[in-house]
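The values are calculated or read from the model by the stated rules, or taken from the named source; none is laboratory data. This is a predicted model, so every value here is computed, not measured. Here Cβ is always computed from backbone atoms with ideal geometry, including for glycine, and neighbour counts include all displayed protein chains. Ligands, DNA and RNA are stripped out before the accessible areas are found, and what is left, the full protein with its side chains, is counted by its heavy atoms. Shrake-Rupley method; radii C 1.70, N 1.55, O 1.52, S 1.80 Å.
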Amino acid sequence: MKEEKVFLGGTCNGSKWRDEIIPMLKINYFNPVVPDWTPECQEEEKRQKKICKYQLYVITPKMKGVFSIAEVVDSSNKNPKGTILCILDKDGNDKFDFFQKRSLNAVMELVRNNNSFVSNSIKEVYEYLNNLK
């Protein structure tokens with residue numbers, strides 16, 4: 001059985017979205033961001049993805065790799081009601097360009113069509129998570 005817990009996936013790379021959402025959460029969470037990424041940390045992240053009832057992926061313009069996109073699509077297929085996607089158009093001074101936004105809107109639609117929760121607002125996400133039961 002999965003734990004009433006949310007996995008905080010998505011953009012790292014100096015993004016502060018986790019700092020904003022963590023104090024607002026009334027649900028337990030797992031934050032995979034650590035100062036030194038080791039093979040043990042990677043294994044713990046995999047374990048947490050399996051045991052957390054909810055997986056949140058916040059994508060921001062600070063994203064450098066694209067694996068989080070693959071993760072959220074995979075999660076929305078395997079656990080639609082437990083998957084949450086939030087795409088933030090701005091992160092500090094960084095913004096998505098027109099083509100990135102168009103592509104990310106298509107990802108949002110794909111995830112939404114899998115019956116997962118999709119938003120462009122951290123506030124909407126923590127309100128949604130705090131009202132789950």
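Against the condition more than 14 Å from the chain's Cα centre (by Cα), under 20 Å from residue 85 (Cβ atoms) and among the β-branched types (Val, Ile, Thr), how does residue 27 come out, does it pass?
So residue 27 passes the test.
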Step by step: first the residues of the range 113-133, then only those that are closer than 17 Å to residue 69 by Cα and more than 14 Å from the chain's Cα centre (by Cα), then the one that is least open to solvent (accessible area, probe 1.4 Å). Which residue is that? 114
Could you tell me which of the residues 85, 110 is modelled with pLDDT of 95 or more and either in a helix (DSSP H, G or I) or surrounded by fewer than 19 Cβ atoms within 10 Å (Cβ to Cβ) (or both)? 110
Considering the range 9-49 alone, what residues qualify as being open to solvent by 50 Å² or more (accessible area, probe 1.4 Å) and among the charged types (D, E, K, R)? 16, 19, 20, 26, 36, 40, 43, 44, 46, 47
Given (1) of a type in the set (S, T, N, Q); (2) in a helix (DSSP H, G or I); (3) out of contact with any Gly (no Cβ under 7 Å at 6 or more places or on another chain), index of the condition residue 115 fails: (2)
Please pick out the residue among 41, 12 that is free of Cβ contacts under 8 Å to residues at least 12 places away in the same chain, of a type outside the set (A, V, I, L, M) and either over 17 Å from residue 129 (Cβ atoms) or part of a loop (DSSP other than H, G, I, E, B) (or both). 41
The listed residue being open to solvent by 60 Å² or more (accessible area, probe 1.4 Å) and out of contact with any helix residue (DSSP H, G or I) (no Cβ under 9 Å at 6 or more places or on another chain), out of 90, 53: 90
Going by the conditions given, is residue 105 in a loop (DSSP other than H, G, I, E, B), open to solvent by 50 Å² or more (accessible area, probe 1.4 Å) and modelled with pLDDT of 95 or more? no
Give me the residue from the range 56-82 that is assigned to a loop (DSSP other than H, G, I, E, B) and open to solvent by 10 Å² or more (accessible area, probe 1.4 Å) and, out of that set, nearest to residue 119 (Cα to Cα). 61
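This table checks each residue for (1) among the hydroxyl-bearing types (Ser, Thr, Tyr); (2) within 15 Å of the chain's Cα centre (by Cα); (3) assigned to a helix (DSSP H, G or I).
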| residue | (1), (2), (3) |
| --- | --- |
| 7 | no, yes, no |
| 20 | no, yes, yes |
| 23 | no, no, yes |
| 35 | no, no, no |
